[in-house]
2 protein chains.
Amino acid sequence: MLRVLRVNVSTDVISFDPVPKAWERVAGRALIARVLLDEVPPECDPCGPHNKLIFAPGVLVGQMVSSCDRLSIGGKSPLTGGVKESNCGGSTGLHIVWLGLKAILVEGSPAAGAALRLLCIGPDSAHFEECSDVLGLGVHETTQRLRSRFGTKVSIAMIGPAGEMRLRGAGIMHLDKDGNPGRISARGAMGVLMAAKGLKAVIIDPGKTRRPALADAPRHNAARKLYVKALAEHPQTSKIYPEYGTASIVDMCNGFGAIPTRNFSNGRFEHAEKINGDAFHDLMVGRGGEGDPTHACMAGCTIQCSNIYADVNGKQIVSPVEYETIGLVGSNLGISEPDMIAHLNYQMNDLGLDTIETGAALGVAAEAGLMEWGDGLRAMQLMEEVRKGTALGRVIGNGAKLAGEVLGVQRVPVVKGQAISAYDPRAIKGTGVTYATSPQGADHTAGLTLRMPVDHLKPEGQVAASRTAQIRMAGFDSLGACIFGAFGFNLAPTTIQDLVNGQHGWDVGADYLTELGKATIDLEREFNRRAGFTPADDRLPEWMTLEALAPNNTVFDVPAAEMDAIYNW
Amino acid sequence: MLRVLRVNVSTDVISFDPVPKAWERVAGRALIARVLLDEVPPECDPCGPHNKLIFAPGVLVGQMVSSCDRLSIGGKSPLTGGVKESNCGGSTGLHIVWLGLKAILVEGSPAAGAALRLLCIGPDSAHFEECSDVLGLGVHETTQRLRSRFGTKVSIAMIGPAGEMRLRGAGIMHLDKDGNPGRISARGAMGVLMAAKGLKAVIIDPGKTRRPALADAPRHNAARKLYVKALAEHPQTSKIYPEYGTASIVDMCNGFGAIPTRNFSNGRFEHAEKINGDAFHDLMVGRGGEGDPTHACMAGCTIQCSNIYADVNGKQIVSPVEYETIGLVGSNLGISEPDMIAHLNYQMNDLGLDTIETGAALGVAAEAGLMEWGDGLRAMQLMEEVRKGTALGRVIGNGAKLAGEVLGVQRVPVVKGQAISAYDPRAIKGTGVTYATSPQGADHTAGLTLRMPVDHLKPEGQVAASRTAQIRMAGFDSLGACIFGAFGFNLAPTTIQDLVNGQHGWDVGADYLTELGKATIDLEREFNRRAGFTPADDRLPEWMTLEALAPNNTVFDVPAAEMDAIYNW
């Protein structure tokens, strides 16, 4: 029987509660929205006592089915002011389910000025511990110290210096299956929310617990086999992602004229071939040593799109380097050296910063004259400013919107206060619709239309494409499934219901994913509506409708009225 | 026949147009809202080409009736994102009417990177001029240069370095009747909007024009006499304000436990007697020289609440020092030396900054550890940071909300992004209702309840008090009447309709002020609604509902549902 762990940081009361009836069949992203609607006053201060920090593994989590052990972390976002679900791989979600927990809810506010603490959760127990030895430390050093204190079997969700300083670019970092803190619940400033709850890290010790019993093992196993076979048969998940990872998207996006270049002033980067999938692959293979283009972030994953990027001596710089980072920290800053991108990625990870938000903020800073395009060393200096907590560092660490406001820059790529990711919406307009309308704020993972059969440059058909993508992603996020699992589920669509029913003994049907996705978005929209969001928030920045993007010279021109109807199911 | 001057800074086309029928009987604050609804897309980027910078003198302006020559400047606010009317004394409004202009509308956007210019308006003509000699200069030096270039008869509306840097604390500075740039359209970042329109200053040369003919001179003159007599009979406008100015409010607010002290952490300042009306009065009188406690900002004013504050040698430091500045830059920062407050006031004026917004931002900065309470020299240094445009300076110059976000401070006194003025809403709860609900964002001038017959500490009756105050103030702002004119109008209420009808030949009735006020607020609310505002925006910051204010130990507890009904006339 699953339980809900409630941790009140005002009173320090910790309790393992039964799962409320209404929450039994929701999990992951859907559960975040449900909890927010049920328990969090929508108008509350995101950093105040009424907000909650919610950990909710998806429906399928716990069984180590490939790409299906993802964790949703959420609450009312300190960045967007709306509903937030921030999704990550790694081992945290898996271990939460192993401990028999449906969700962890951190509630209340610590005493003013109290030092951050650890929340340690094991089988049937949880307690706080002090952690003065890791306060202010970077994520990598913190990981080492916590692993030597708690052992190497624990999973850890932690914030870095950026979160401790409550910078709105701060996410929550997690360990991958090898204990490397390279996975992140990146978006929406969940690191700030964790700091507001007085926590430096949550330690999950699975102890001797293992995956929960299946309700219908034969059905589950058969579906798993079919699904994994489909993943193995699709070239994207059996060849391209394993070998080239998400960096393979560089050429695709550059070809579409949609890769952010110099603060979204161009959609094509003249040095794209230096930072594309081939370039990264060849460096990781050619340099040998610790570098590896094929790496799994979660234990059961067969796709292994992650990677380990090593320097010329074969020594790991960072793991992984992903497309979004290449786009926002590379081309968006005019930087074309893979090593520099990797070093910046490492610094941002160590600070506990979202590379999308921070890359976008650096782009805005460059536009304001604070760095030259392509000057990676200056970008590194600016990361040091963040670490020191200088005013300039805080401005950049707080993300693109604030950086634009402080520095007086008008060309700021954000929606609902959150930075647009590495697909310029003027050249991939369906994803622009997602950025504009998603209750989550600008986020490609809320509904990427890159591979949809639509002319990305025309306004027609984009709302329909985004709708389809958003429904599917809200479904996958609630399942705990990685977006790349979709390649398998698309080839073997019945496996979704069989996996769910086989695991839980439910009776979901063929439309489950679609229904789940729609229901999730409906809940999220309702929370945002109560929090004060209106259609005026479902817009791209005005300059993207006025300033044509080279090389296609298109503006974003999907009609607002069409976007406003996107959720009329 | 009045005309509308339209100035398009995209095309440089300037035209003197007839007044649209629907605008004929609206002026001042009401006209700002009307123009916004008629011509500005509510969702537009405040700094983009679709927003308009609007100058609109009030209904009564032009006749030099005491306290009735005020100018409304407005547009969609870069600070709040909503409707904004920012009201000022001085000579600008008077001269606009003398030139036969109902309003000046600055439209479009200048070419990217173009240098700021001057807009020079004279009788029947207007043109742009370059002004490289004053770019980057403070308001005082700019004033000197522009007056030597254009003569001492012109009025000038200008921005300082803060506006040029697009810092959201920036207002628009104006000359008083003596040519001193001490009047400011302070609130809502109108200085940023002016910069976004590519203007450093607007020069109004009245030439040989004088006050327009009256439609019914006997009626107007009789009413004026009655009204001025009433002002002369009320002790507040004949004795207290002339002698002590608005500094007289210090004791009153301190007595109520409502003076902002150390970033709104206390409502009583232990050194209030060093910065109260008596203290300032005695220094201005005792030091002699240029100091003067009795000074008029507008030519016809009989109240003369303004002042000239001089140093120990009798040399003017700044004119005027007002209560809001004393509250936000004095007690709110723990500063109890009048000279220091005056010097900071001068610096903020010179930068073209709103002292309320900037004082509140400094309070937040002090809370974050960037200055010690009471350390005025450090506050002066921080103003130098603003002048230099450093990251820290930009953070503070952008106002309290941004400062709080960047510096990670939760106790930030803002509503709709705009700083609360010098009446803590937990101890003057009716004014708290005004802060929360006014379409203008937190602003005491939108409806101060300080003198209303209500127990300021109880939640009961506050919505009614605020409603009454808001209606009256929206009316006065549309008339172009100073809030202090109310002391006269209250004693001689028929003079309002007689002044209006006598001036314009209209036929407004006894309910005119109330109708005008309600209609104005209705227009403003409608613009904000279309811009995306909801009841969730009509709230004080959550911490003010949780953190009790000494010495009364009250929180803000007027029920939200009651506030949401405030405009159900």
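The values are calculated or read from the model by the stated rules, or taken from the named source; none is laboratory data. As the structure is a computational prediction, the values presented were derived from the model and not from experiment. Counting neighbours? That spans all protein chains shown, and the Cβs are built from the backbone with ideal geometry, glycine included.
Scan the stretch A:537-556 for residues that are part of a loop (DSSP other than H, G, I, E, B) and charged (D, E, K, R) and jot them down.
Filtering the stretch A:537-556 down to residues part of a loop (DSSP other than H, G, I, E, B) leaves A:538-542, A:547-548, A:550-553, A:555-556.
If the condition is that a residue be part of a loop (DSSP other than H, G, I, E, B) and charged (D, E, K, R), then A:ASP538, A:ARG539, A:GLU542, A:GLU547 are the ones that fit.
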Only one of B:GLY430, B:GLY447, B:GLY441, B:GLY417 is on the phi > 0 side of the Ramachandran plot and without any contact (Cβ under 8 Å) to a residue 60 or more places away in the chain, namely B:GLY447
Of the listed residues (B:ILE471, B:ILE521, B:ILE483), the one being within 27 Å of the chain's Cα centre (by Cα) and either among the polar types (S, T, N, Q) or modelled with pLDDT under 95 (or both) is B:ILE483
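How many residues does the stretch B:23-48 contain that are within 14 Å of chain A (Cβ to nearest Cβ) and within 15 Å of B:VAL106 (Cβ to Cβ)?
Of the stretch B:23-48, the ones within 14 Å of chain A (Cβ to nearest Cβ) are B:40-48.
Keeping just the survivors that are within 15 Å of B:VAL106 (Cβ to Cβ) gives B:40, B:44, B:46-48.
Adding up the residues that qualify gives 5.
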Given (1) β-branched (Val, Ile, Thr); (2) in contact with a Gly (Cβ under 7 Å, 6 or more places away or on another chain); (3) surrounded by fewer than 24 Cβ atoms within 10 Å (Cβ to Cβ), B:THR445 misses just (2)
Here the qualifying pairs (Cβ atoms under 8 Å; residues six or more apart or on different chains; first in the stretch A:509-534 and in contact (Cβ under 8 Å) with a residue 24 or more places away in the chain and within 14 Å of another protein chain (Cβ to nearest Cβ); second among the β-branched types (Val, Ile, Thr) and not in a loop (DSSP other than H, G, I, E, B)) come out as A:PHE527/A:VAL83; A:ASN528/A:VAL83; A:ALA531/A:VAL83
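Among the residues in the stretch A:466-476, are any touching a Gly at 6+ places or on another chain (Cβ under 9 Å), closer than 23 Å to A:ILE32 by Cβ and within 14 Å of another protein chain (Cβ to nearest Cβ)? Spell out the reasoning first.
From the stretch A:466-476, those touching a Gly at 6+ places or on another chain (Cβ under 9 Å) are A:466-476; that's our starting set.
Imposing the further condition that a residue be closer than 23 Å to A:ILE32 by Cβ reduces the set to A:466-476.
Cutting the leftovers down to within 14 Å of another protein chain (Cβ to nearest Cβ) gives us none.
No; the residues of the stretch A:466-476 include none that is touching a Gly at 6+ places or on another chain (Cβ under 9 Å), closer than 23 Å to A:ILE32 by Cβ and within 14 Å of another protein chain (Cβ to nearest Cβ).
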Among the residues of the stretch A:363-398, the number that are over 18 Å from B:LEU402 (Cα atoms) and aliphatic (A, V, I, L, M) is 8
B:ILE326 fails exactly one of (1) surrounded by fewer than 24 Cβ atoms within 10 Å (Cβ to Cβ); (2) within 21 Å of B:GLU243 (Cα to Cα), namely (1)
Output for Cβ contacts, cut-off 8 Å, separation at least six or different chains, first residue more than 9 Å from chain B (Cβ to nearest Cβ) in the stretch A:535-548, second part of a helix (DSSP H, G or I) and polar (S, T, N, Q), reads A:ASP538/A:THR437
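Looking at the stretch B:148-179, which of the residues that are among the aliphatic types (A, V, I, L, M) and not in a strand (DSSP E or B) is farthest from the other protein chains (Cβ to nearest Cβ)?
First pass over the stretch B:148-179, keeping only residues among the aliphatic types (A, V, I, L, M): B:154, B:156-159, B:162, B:165, B:167, B:170, B:172-173, B:175.
Checking the rest, the ones that are also not in a strand (DSSP E or B) come to B:154, B:159, B:162, B:165, B:167, B:175.
Details: B:VAL154: 29, B:ILE159: 13, B:ALA162: 10, B:MET165: 6, B:LEU167: 7, B:LEU175: 26 Å.
If we take residues in the stretch B:148-179 being among the aliphatic types (A, V, I, L, M) and not in a strand (DSSP E or B), then B:VAL154 is farthest from the other protein chains (Cβ to nearest Cβ).
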In the stretch B:1-48, anything in contact with a Lys or Arg (Cβ under 7 Å, 6 or more places away or on another chain) and free of Cβ contacts under 8 Å to residues at least 12 places away in the same chain is listed as B:SER15
B:SER336: passes all of (1) more than 19 Å from the chain's Cα centre (by Cα); (2) in a strand (DSSP E or B) but (2)
Exactly one of A:ALA195, A:ALA232, A:ALA189 is farther than 24 Å from A:ASN332 by Cα and in contact with a Lys or Arg (Cβ under 6 Å, 6 or more places away or on another chain), and that one is A:ALA195
Across (1) within 14 Å of chain B (Cβ to nearest Cβ); (2) of a type in the set (D, E, K, R); (3) assigned to a helix (DSSP H, G or I), A:ARG145 clears everything bar (1)
Screening B:ASN87, B:ASN51 for residues that are crowded, with 24+ Cβ neighbours inside 10 Å, within 14 Å of chain A (Cβ to nearest Cβ) and either under 20 Å from B:ASP176 (Cα atoms) or touching a residue at least 40 places away in the same chain (Cβ under 8 Å) (or both) leaves only B:ASN51
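Within the stretch A:90-124, which residues are assigned to a loop (DSSP other than H, G, I, E, B), hydroxyl-bearing (Ser, Thr, Tyr) and buried (at least 24 other Cβ atoms within 10 Å of the Cβ)? Steps first, please.
Taking the stretch A:90-124 and keeping what is assigned to a loop (DSSP other than H, G, I, E, B), we get A:90-91, A:99-100, A:108-116, A:123-124.
In the following step, the residues that additionally are hydroxyl-bearing (Ser, Thr, Tyr) were identified as A:91, A:109.
Selection gives A:SER91 alone.
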Of those in the stretch A:557-569 that are within 14 Å of another protein chain (Cβ to nearest Cβ) and assigned to a helix (DSSP H, G or I), the residue farthest from A:LYS401 (Cα to Cα) is A:ALA561
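For every residue, the table says whether it meets (1) acidic (Asp, Glu); (2) surrounded by fewer than 24 Cβ atoms within 10 Å (Cβ to Cβ).
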| site | (1), (2) |
| --- | --- |
| A:ILE396 | no, no |
| A:GLY399 | no, no |
| A:GLU405 | yes, no |
| A:VAL409 | no, yes |
| A:LYS416 | no, no |
| A:ASP424 | yes, no |
| A:GLY430 | no, no |
| A:ALA436 | no, no |
Taking the stretch A:462-490 and the residues there that are assigned to a helix (DSSP H, G or I) and among the β-branched types (Val, Ile, Thr), the one that is nearest to A:LEU71 (Cα to Cα) would be A:ILE471
Restricting attention to the stretch A:293-316, the residues that are outside any loop (DSSP other than H, G, I, E, B) and surrounded by fewer than 19 Cβ atoms within 10 Å (Cβ to Cβ) number exactly 2
